[in-house]
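J.: Just dropping this structure here.
The values are calculated or read from the model by the stated rules, or taken from the named source; none is laboratory data. In this text the structure is predicted, and so the values were computed from the model without any measurement. Here the Cβ positions follow ideal geometry from the backbone for every residue, glycine too, while neighbour counts run over all protein chains shown. Ligands, DNA and RNA are excluded from the accessible area calculation, which covers all protein heavy atoms including side chains. Shrake-Rupley method; radii C 1.70, N 1.55, O 1.52, S 1.80 Å.
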Amino acid sequence: MKLDRITLREIRMPLVHPFETSFGLTTVRRMVLVEVESQGAVGWGEVAANELPRYNEEWTDSAWLLIRDMLGPQLLGQSFETAGDVGELSSGVRGHRMTRGALEAAVWDLEARARDTPLWRHIGGSRTSLDCGVSIGIQQTVGELLDKIDVELAAGYKRIKIKIKPGWDVDVVAEVRKRFPSIELMADANSAYSLADIDHLKQLDDFGLMMIEQPLAHDDIIDHAQLQPQLDTPICLDESILSAHNAEQAIRLGACRIINIKLSRVGGFAEAKRLHDVTQKHDIPVWCGGMLEAGIGRAHNIALSTLENFRLPGDVSASQRYWTRDIIEPEVTAPNGQITPPSSPGIGFAVDLDYVNHLAVREETLS
Ligand code: OSB
Ligand code: MG
């Protein structure tokens, strides 16, 4: 296969609910969409990187430049057998997995469409109903958080994740637990703590959390391995796991009991599948994380979530929790907190090109 064209578009979309984590507040998403074409067939990808390099080293503008000046021209100049080979073609670039992964995922979509197969089947998925959780950002008051949780439980979501940071942690979790004694509850720290906080983190053991996500540094495995045996609560790694190799090491060291796989964070489907297989071999459950994606990224996450070892409810939920209007048709819905993978080819949702062009603040075609 050879690509004939790559079109980049940057879109801006305000979130229905501004989203606060330990590393910052997001109110408007700026996303780079990637459209690839080969022999008349097209595929779509979405770069999940944030607007600033706070979650990882990438951001919207780095993605644009990297594809425009380096990855795009390089990919257009090479032929490859299958979508599974595309990640390897960009392996000369250090890091920037979200940017590389968006290109890779676009080619997977194209390939699945060309074969008239839903992407989730094309990658080897088998789950036909996906249990969904939600991730709720830091709120102004605990009362607001409790109200938000009420809304999500009423919508049928199966698990509630709250964001924590120093000053918004043990007391908040205690109040949530008091009000909702038996829900599936977890907390995501986005690297806000260090081993010096160990006694503080141990207090979270009182609340029967499913897991605590990424308590320590974004690039750490060894400190997590020291922390995990001292906590009853399972640690789930997010930021620290960029590859199947990282997962092998984390599991070998006992740094976590659960892993959040983000398609974007690991650089696309080929690596996500390898990582999935490693966790399955070691009987470590996984779930699919999100990055506040618009419809294209959301559709890719749905496809990934159909792999067998995605045993826990993920962060992939209905479009309307994020957007007044999504860029795909139909938008993603999650009746009773469950998503049904689509049956049409490729990502299985139609990209609303008129709306994308309406939202686009810049566009560039490479050929
Ligand atoms: O750590 O999982 C995270 C959003 C942006 C950056 C990092 C994270 C998140 C979320 C939200 O938790 C997931 C979502 O709803 O898409
Ligand atoms: Mg996380």
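J.: For the condition basic (Lys, Arg) and closer than 20 Å to residue 118 by Cα, what is the one hit in 311, 257, 298?
T.: Numbers: 311 fails: closer than 20 Å to residue 118 by Cα; 257 fails: closer than 20 Å to residue 118 by Cα.
Going through 311, 257, 298 in turn, just one is basic (Lys, Arg) and closer than 20 Å to residue 118 by Cα: 298.
J.: I'd like the full set of residues that are surrounded by fewer than 24 Cβ atoms within 10 Å (Cβ to Cβ), under 21 Å from residue 365 (Cα atoms) and small (Gly, Ala, Ser), limited to the stretch 88-111.
T.: If the condition is that a residue be surrounded by fewer than 24 Cβ atoms within 10 Å (Cβ to Cβ), under 21 Å from residue 365 (Cα atoms) and small (Gly, Ala, Ser), then 90 is the only one that fits.
J.: Can you name the condition, by its number, that residue 343 falls short on among (1) open to solvent by less than 30 Å² (accessible area, probe 1.4 Å); (2) out of contact with any Phe, Trp or Tyr (no Cβ under 8 Å at 6 or more places or on another chain)?
T.: Of everything listed in (1) open to solvent by less than 30 Å² (accessible area, probe 1.4 Å); (2) out of contact with any Phe, Trp or Tyr (no Cβ under 8 Å at 6 or more places or on another chain), residue 343 misses just condition (1).
J.: Right, here's the next one. Based on this model, can you work out whether residue 303 counts as out of contact with any His (no Cβ under 6 Å at 6 or more places or on another chain) and either of a type in the set (S, T, N, Q) or farther than 20 Å from residue 128 by Cα (or both)?
T.: Taking the combined requirement at face value, the residue does not satisfy it.
J.: Output the residues belonging to the stretch 31-65 that are open to solvent by less than 30 Å² (accessible area, probe 1.4 Å) and either farther than 29 Å from residue 219 by Cα or in a helix (DSSP H, G or I) (or both).
T.: 35, 36, 38, 41, 43, 44, 60, 62, 63, 64
J.: Further question: Take the stretch 216-230 and flag every residue that is in a loop (DSSP other than H, G, I, E, B) and either assigned by TED's automatic domain parsing to the domain that holds residue 92 or open to solvent by less than 10 Å² (accessible area, probe 1.4 Å) (or both). It would help to see each step written out before you state the result.
T.: Of all residues in the stretch 216-230, those in a loop (DSSP other than H, G, I, E, B) come to 216-221.
The answer is 216, and nothing else.
J.: Could I ask something else about it? When you scan the stretch 73-84, how many residues do you find that are in contact (Cβ under 8 Å) with a residue 60 or more places away in the chain and touching a helix residue (DSSP H, G or I) at 6+ places or on another chain (Cβ under 8 Å)? Give the steps one after another, and end with the answer.
T.: Taking the stretch 73-84 first, the residues in contact (Cβ under 8 Å) with a residue 60 or more places away in the chain are 73, 75-76, 78-84.
Those left that are additionally touching a helix residue (DSSP H, G or I) at 6+ places or on another chain (Cβ under 8 Å): 75, 78, 80, 82-84.
Number of matching residues: 6.
J.: Let me ask another. Across the stretch 192-212, what is the number of residues that are more than 18 Å from residue 285 (Cα to Cα), open to solvent by 30 Å² or more (accessible area, probe 1.4 Å) and not in a helix (DSSP H, G or I)?
T.: 2
J.: Look through the stretch 275-310, keep the residues that are polar (S, T, N, Q), more than 16 Å from ligand 2 (Cβ to nearest atom) and not in a loop (DSSP other than H, G, I, E, B), and return whichever of them is least open to solvent (accessible area, probe 1.4 Å).
T.: 279
J.: Return yes when residue 270 is open to solvent by 10 Å² or more (accessible area, probe 1.4 Å), over 15 Å from residue 240 (Cα atoms) and more than 10 Å from the chain's Cα centre (by Cα) and no when it is not.
T.: Numbers: open to solvent by 10 Å² or more (accessible area, probe 1.4 Å): yes; over 15 Å from residue 240 (Cα atoms): yes; more than 10 Å from the chain's Cα centre (by Cα): yes.
Judged against the criteria, residue 270 is a match.
J.: Being within 16 Å of ligand 1 (Cβ to nearest atom) and under 14 Å from residue 21 (Cβ atoms), is that true of even one residue in the stretch 155-162?
T.: Yes, the stretch 155-162 has at least one match.
J.: Would you mention how many residues in the stretch 16-30 are away from ligand 2 (no atom under 16 Å from the Cβ), open to solvent by 20 Å² or more (accessible area, probe 1.4 Å) and of a type outside the set (Val, Ile, Thr)? Spell out how you get there, then give the answer.
T.: Kept after step one, since they are away from ligand 2 (no atom under 16 Å from the Cβ), are these residues of the stretch 16-30: 16-18, 27-30.
So of that shortlist, the ones also open to solvent by 20 Å² or more (accessible area, probe 1.4 Å) come out as 16-18, 27-28, 30.
Filter once more, so that each one left must be of a type outside the set (Val, Ile, Thr): 17-18, 30.
Selection size over the stretch 16-30: 3.
J.: Related question: Kindly indicate whether residue 233 is in contact with a Leu (Cβ under 6 Å, 6 or more places away or on another chain) and over 15 Å from residue 48 (Cα atoms).
T.: Details: in contact with a Leu (Cβ under 6 Å, 6 or more places away or on another chain): yes; over 15 Å from residue 48 (Cα atoms): yes.
In short, yes.
J.: Now, a different point. Quick one: residue 264 ticks every box in (1) touching a helix residue (DSSP H, G or I) at 6+ places or on another chain (Cβ under 9 Å); (2) open to solvent by 10 Å² or more (accessible area, probe 1.4 Å); (3) away from ligand 2 (no atom under 16 Å from the Cβ) except a single one, so which number is it?
T.: (3)
J.: Can you tell me which residue is nearest to the chain's Cα centre (by Cα) among those in the stretch 112-144 that are away from ligand 2 (no atom under 16 Å from the Cβ), open to solvent by 10 Å² or more (accessible area, probe 1.4 Å) and of a type in the set (A, V, I, L, M)?
T.: The extreme case among them is 130.
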